[in-house]
Amino acid sequence: MAQGQERVGPGRRGRTKQKEAHRLFWAVLAAPGIIWLALLFIVPFYAILAIAGGQLDLFGVPIAVWNPLHWSTANYSAAWHDLAGSSAFIGPTILRTLLYVALASLISLLIAYPAAYFVARFAGRRKALFLVLLIAPFWISYMMRMLAWIDLLQTNGYVNKALSLLHLIGQPVNWLGGLGITVVLGLVYGYIPYLILVLYAGLDRIDPALIEAGRDLGLGRVRTFVHITLPLSRQAILTGMLITVLPMLGDYFTNQLLSGTAGTTMFGNVIDDQLSSSGGVLQGEGAVFSLLFLLVLIAPMIYYVVATNRSSRGAT
């Protein structure tokens, strides 16, 4: 027994050293990317803090203060008055943003899930073709896709022509005249490709044997989907919604192109207006609102990390 134990001991130590060397190799390989990403986050984040805690010069131009000991709370106080003071105007904008994003994410999920499910389960030999079609929108910039959407929504555009041919409208609708539904559909149009790809990746990894086992146990198509497919794709749904909802919350470009009116202003438009204000007099408040927006986004990101860890532990 002693001799046997002596033979096993060096082998285990060798495997341990091999694992440590393997981890060290991947750590060294990932270090440049991690350092680069950290710098891309830490440096801009500290610059925003310096502007938010800075002051204004005699001409009202913000001055970044890099020493934390000299930071001021003037911009934070002004931002708080915009949120909850007597002259507050941000509240309705925040509610409108949440409403738009909730509607856009729900519509995107209702469209994206069946599309991803079809490609993952029923595309067959044409799966590669469908994947190319799904990836095709990424070959065109977001701005170009929004400009194309504007052409479709013009008074004499194809959307009004199609609706007129179907006798759904009596006269052309001014879609670009400040309608909230236009902004919502623009968000769906812009971000739904990301959701479809994530959902497809999750649905395609589901073992067909599990679905067949459910059918063999007497479950119908609907019950098989509800009790097997849908629970197994829950992580993909969570990931896809996170990838689409977070940029939707900070989106300002879509509203600017498709509406640009005060009645459809989103929180991202408020930050953009303050950061691009004449003379930069509101850049300090814009920096504070950017920090507030980041704090709001931390909560769903933490929830996603926790849910992912629980899912991976359950799988193992």
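The values are calculated or read from the model by the stated rules, or taken from the named source; none is laboratory data. Computed from a predicted model, the values in this text were never measured in an experiment. A quick note on method: Cβ atoms are made from the backbone with ideal geometry, for glycine too, and the neighbour counts reach across all protein chains shown. Heavy atoms of the whole protein, side chains included, go into the accessibility calculation; ligands, DNA and RNA do not. Shrake-Rupley method; radii C 1.70, N 1.55, O 1.52, S 1.80 Å.
Things worth noting here:
- Every test in (1) open to solvent by less than 50 Å² (accessible area, probe 1.4 Å); (2) within 18 Å of the chain's Cα centre (by Cα) is passed by residue 185 save one, and that test is (1).
- Condition check for residue 176 on (1) under 30 Å from residue 122 (Cβ atoms); (2) in contact (Cβ under 8 Å) with a residue 40 or more places away in the chain; (3) not aromatic (Phe, Trp, Tyr): one failure, at (1).
- Among the residues of the stretch 241-270, the ones that are within 30 Å of residue 201 (Cα to Cα) and open to solvent by 20 Å² or more (accessible area, probe 1.4 Å) come to 10 in all.
- Any hit, the stretch 299-314, residues being modelled with pLDDT of 85 or more and of a type in the set (A, V, I, L, M, F, W, C): no
- Matching residues, the stretch 219-240, being open to solvent by less than 40 Å² (accessible area, probe 1.4 Å) and in a helix (DSSP H, G or I): 224, 228, 229, 236, 237, 239, 240
- The lone exception for residue 210 - which of (1) in contact with a Leu (Cβ under 8 Å, 6 or more places away or on another chain); (2) surrounded by 18 or more Cβ atoms within 10 Å (Cβ to Cβ); (3) farther than 13 Å from residue 113 by Cα it fails: (2)
- 2 or more residues touching a Pro at 6+ places or on another chain (Cβ under 9 Å) and in contact (Cβ under 8 Å) with a residue 40 or more places away in the chain: qualifying helices (runs of 4 or more DSSP H) within the stretch 83-169: 90-122, 127-135
- Set side by side, the residues 224, 244 differ, and just one is among the polar types (S, T, N, Q) and either at pLDDT below 90 or farther than 20 Å from residue 118 by Cβ (or both), which is 224.
- The residue list 140, 150, 196 contains one member that is out of contact with any Lys or Arg (no Cβ under 6 Å at 6 or more places or on another chain) and modelled with pLDDT of 90 or more, which is 196.
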